[in-house]
Amino acid sequence: SADFEGLKALVTGGASGIGRATAELLAARGARVAVLDLDPSTVDKPLLGFRADVTDDASVREAVAAAVADLGGLDVLINNAGIGAQGTVEDNADDEWHRVLDVNVVGMVRTARAALPHLRESAHAAIVNTCSIAATAGLPQRALYSATKGAVLSLTLAMAADHLREGVRVNCVNPGTADTPWVGRLLDAAADPAAERAALESRQPSGRLVSADEVAGAIVYLASPLSGATTGTALAVDGGMQGL
Ligand code: NAD
């Protein structure tokens, strides 16, 4: 179906994993899509690739301006770029906290700040932030990562309130463990990647990982006019983890 016909979307971290699947699904549904990424070299037509580092405000402003000029406006922002961190509060030093917070939280703020003047001009404006079950699950060995995603959840609710009367909806998705290059890299670092994958899958309530396409489906729903009365929500895409 063409429910995004005529709409323009921007996806950060759109060169890989969840962002890539989301950019491709938006394009398949009729949107014109720009991808912002540290490395957009693998981004193919019809997606438009722009190099940007979400920790660098000037780089974000320039890339958003260039993308909006090429797209001819902006209706949808998918704030998805993010990185992982492992350990307890005793394992990560201050500079690591600042580095991961800068990407996962302030990165979304910078992109939203650059995009909002354009989104306000749209009749179907939506922002979807990629959060995580880590925001509320109390996962072990994920203190820093969980704190960044807790901040993304709070940011989503606050932004939804701030921009409601401007016609800009703001929601987030909370994926469980999703089968992306990121998780692939973690598994590859294990002594026995296949055994590690099997163990990870067996810890999931559904016995399998969530696919990047399944997360993209939830993001695209929250970005689409089909969810026009939904703002300030977090949609779980976790294979039943929250409910079980
Ligand atoms: P991924 O590593 O496959 O893709 C992330 C993309 O973000 C990459 O293309 C990378 O280049 C880009 N990126 C990283 N830092 C950037 C920066 N400073 N500026 C611009 N781009 C940058 O990861 P993924 O698994 O697809 O994760 C995407 C999002 O989903 C992240 O926010 C992550 O926290 C979230 N998430 C992932 C999972 C999972 O299990 N994979 C679960 C919950 C939430």
How large is the translational diffusion coefficient of the range 199-244 in µm² per second when you combine the Kirkwood radius over alpha carbon pairs with Stokes-Einstein at 10 °C and 1.306 mPa s? 133 µm²/s
Once both axes come from the Cα atoms, what is the angle between helix 107-119 and the longest principal axis of the chain, in degrees from 0 to 90, rounded to 10? 20 degrees
Equivalent ellipsoid dimensions for the range 43-156 as semi-axes, Å, which come from the Cα gyration tensor, largest first: 29, 15, 12
Once the dipole of the range 21-106 is set up with Lys and Arg at +1 and Asp and Glu at -1 on Cβ about the Cα centre, which of Asn92, Gly73, Ser41 lies farthest towards its positive end? Gly73
Longest segment of the chain with no GluC sites (Glu not before Pro) in a DSSP loop having at most 15 other Cβ atoms within 10 Å? 122-244
Only four residue types carry charge here, +1 at the Cβ of Lys and Arg and -1 at the Cβ of Asp and Glu. Report the dipole size of the chain about the Cα centre in Debye, rounded to the nearest 20. 600 debye
Note the angle between two axes, namely the Cα long axis of helix 143-163 and the longest principal axis of the Cα atoms of the chain, as a number of degrees from 0 to 90, rounded to the nearest 10. 20 degrees
At Ser211 and Asp56, where each label point lies 7 Å from the Cα along Cα→Cβ, what is the point-to-point distance in nanometres? 3.6 nm
Which length gain, in nm to one decimal place, applies between Val89 and Arg113 when the Cα-Cα distance is subtracted from 0.36 nm times their residue separation? 5.6 nm
Rg/Rh of the range 69-128 (Cα atoms, Kirkwood Rh), to two decimals, equals 1.16
The range 188-208 and the range 72-148 have their Cα centres apart by a whole-number Å value of 26 Å
Could you compute Rg(Cα) / (2.2 N^0.38 Å) for the chain, with N its residue count? 0.97
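Bear in mind that the values in this text are calculations on the coordinates, not laboratory data. Everything quoted here is computed from the prediction, not taken from an experiment. Cβ sites come from the backbone with ideal geometry, for glycine too, and all protein chains shown count toward neighbours.
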